[in-house]
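What follows is a short report on a single structure.
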2 protein chains.
Amino acid sequence: MPIIPARRFAIQRLRVGQSIKVIDSAGGQVIDTFAFSIPSTPAFPRYMSMTHTRSTLHKFLPSINESFLDNRRDPILTIVEDTSPGIHDVLYAACSPERYLQLGADKDHDNCAKNLYNALQQFREPSFSHVLKFLESGWMPDPLNLFMKVNINGSDLQCLNPESKAGDFITLKAEQECVVIMSACPMDLSACNGGEPSSAKFEVI
Amino acid sequence: MPIIPARRFAIQRLRVGQSIKVIDSAGGQVIDTFAFSIPSTPAFPRYMSMTHTRSTLHKFLPSINESFLDNRRDPILTIVEDTSPGIHDVLYAACSPERYLQLGADKDHDNCAKNLYNALQQFREPSFSHVLKFLESGWMPDPLNLFMKVNINGSDLQCLNPESKAGDFITLKAEQECVVIMSACPMDLSACNGGEPSSAKFEVI
């Protein structure tokens, strides 16, 4: 079964109807997940958007058999199964060099923004040639942070240890031809990954 | 005092240290607010980002004398005063043609996405020539929905009548040279604007 190496990424193209099972094999590991429609539209990609999903569904997360939407509010990935406690974050940006600098770490600390960039750099799809330029300038889609637990207490947010156990998985079905990027979050300066980033696995069904 | 016409928009350039006072003159009117740094970076604009703000501050909204951040996590607008009940939404995407179609209305219904586009089309700043192309392809920054009330109940979100009263205002100070776009939200199919979109006012200080 393919690995998402600790602190690194994996990228997988899906045809309509194919599903991807993302497995938290060690338990307590966040996977920042992104999806882009294929082919990319000429000026700007069509991408899975947390803000369009929640403001259309009027909830933070789709339920089982409901879909995440893209920035045109069309379904892109449907949750078909989830054996974890169902706690996934849609409020936090991907970790980036600026974030690690602010936390007193080095800007070259591994980060999910760089993982997304490196993944798409490997992706040999001509219609994506423009996307890297946007990422270089600081654009990022809001990630679906699988297994990440963010507690809401009034207006305050707190990132806590994940509740997912070793072997928990979520399965997402493609509603559009798309590419899915999974970044095994390298954050080791907060409770986000239980303090110790680990690898994960995935499977195409 | 300049008007933000009902269902339409206003655009204002700010120098560092200048403030903009956005006044809900009728009460209960949502103002979708966007800010972009000037000049724009070559490949992609630097913009006020709700997701970077909340995941850096660990709260939905900055407090008084705290700043909204841009997509590089640098301060762009600071809240210096707020006479409203302090309820502003940062979770909902701007209304767009796709949203009105889904609600059974016409795709040509006035919408905040179009207002942002039309505002930036009027804006005579050469470094912004690329931004319109991204907006045409469906990209939008997450707006700061001033005076909009979204109730969080577990994982469910509900858009309710605003609690702002006639004359309530919020003042935002520029931390970067920037342009601020204010869209008087034309949503008339939900409780968002109390059912009846109205005009608003603003003042540069």
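The values are calculated or read from the model by the stated rules, or taken from the named source; none is laboratory data. The shown structure was predicted, so the numbers you read here are calculated from the model rather than taken from an experiment. Cβ: placed from backbone, ideal geometry, glycine included. Neighbour counts: every protein chain shown. Side chains included, ligands, DNA and RNA excluded: accessible areas come from the protein's heavy atoms. Shrake-Rupley method; radii C 1.70, N 1.55, O 1.52, S 1.80 Å.
A compact table of results
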read-out: Mean separation of Cα contacts under 8 Å (6+ apart) over length of the range A:3-204, as relative contact order %; value: 45
read-out: Charge context of residue A:143, other residues only, Cβ under 12 angstrom, K/R +1, D/E -1; value: -3
read-out: Accessible-area value, residue A:64, 1.4 Å probe, nucleic acids and ligands omitted, Å²; value: 90
read-out: Chain A Cβ-axis minimum, rotational copy B, residue and distance in Å; value: A:152, 3
read-out: Within the accessible area of the range A:1-103 (1.4 Å probe), percent carbon and sulfur; value: 54
read-out: Amide N proximity, the range B:23-66 versus residue A:153 label position 7 Å along Cα-to-Cβ, cut-off under 13 Å; value: B:59
read-out: Overall form of the range A:91-205 per C-alpha gyration tensor (a/c, 1.5; a/b vs b/c); value: oblate
read-out: Per-copy distances of the residue A:125 label point, shortest first, in nm (7 angstrom along Cα→Cβ); value: 3.3
read-out: FRET E, pair residue A:130, residue B:163, Förster distance 41 Å, beta-carbon r, rounded to 0.05; value: 0.45
read-out: Cβ-based charge dipole, the range B:3-204, positive-most Cα from B:41, B:167, B:96; value: B:41
read-out: Inter-copy spacing of residue B:80 label points, which lie 7 Å from Cα along Cα→Cβ, given in nm from shortest upward; value: 5.6
read-out: Trypsin sites (Lys or Arg not before Pro) within the range A:1-52: DSSP coil, no more than 14 neighbouring Cβ in 10 Å; value: A:15
read-out: Residue-level accessible surface for residue B:52, protein heavy atoms, 1.4 Å, Å²; value: 10
read-out: Shape category assigned to the range A:1-62 from the gyration tensor of Cα positions, a/c cut at 1.5; value: oblate
read-out: Shielding by other protein chains, B:53-59, mean Cβ within 10 Å; value: 6
read-out: Other copies of residue A:63: label-to-label distances in nm, shortest first, labels 7 Å along the beta-carbon direction; value: 3.8
read-out: Interface burial for B against A (accessible surface, 1.4 Å probe, total of both chains, Å², rounded to 100); value: 3600
read-out: Three-way shape label, chain B, alpha-carbon gyration tensor, a/c 1.5; value: rounded
read-out: Filtered trypsin sites (Lys or Arg not before Pro), the range A:64-135: DSSP coil and at most 14 other beta carbons within 10 Å; value: A:107, A:124
read-out: Where a label projected 7 Å from the Cα of residue B:190 along Cα→Cβ would reach, residues of the range B:83-97 with amide N under 16 Å; value: B:88-97
read-out: Computed helical MRE - 222 nm, chain B, DSSP H runs ≥ 4 contributing -39500 (n - 2.57), nearest 500; value: -4000 deg cm²/dmol
read-out: Percentage relative contact order, the range A:119-189, counting C-alpha pairs under 8 Å, at least six apart; value: 18
read-out: Rounded to the nearest 10 Å², the accessible area of residue A:63 at probe 1.4 Å; value: 50
read-out: Average beta-carbon neighbours from other chains, 10 Å sphere, peptide B:137-145; value: 5
read-out: Listing of the range A:157-177 residues, each with accessible area lower by at least 50 Å² in the full protein assembly than in the chain alone (probe 1.4 Å); value: A:157
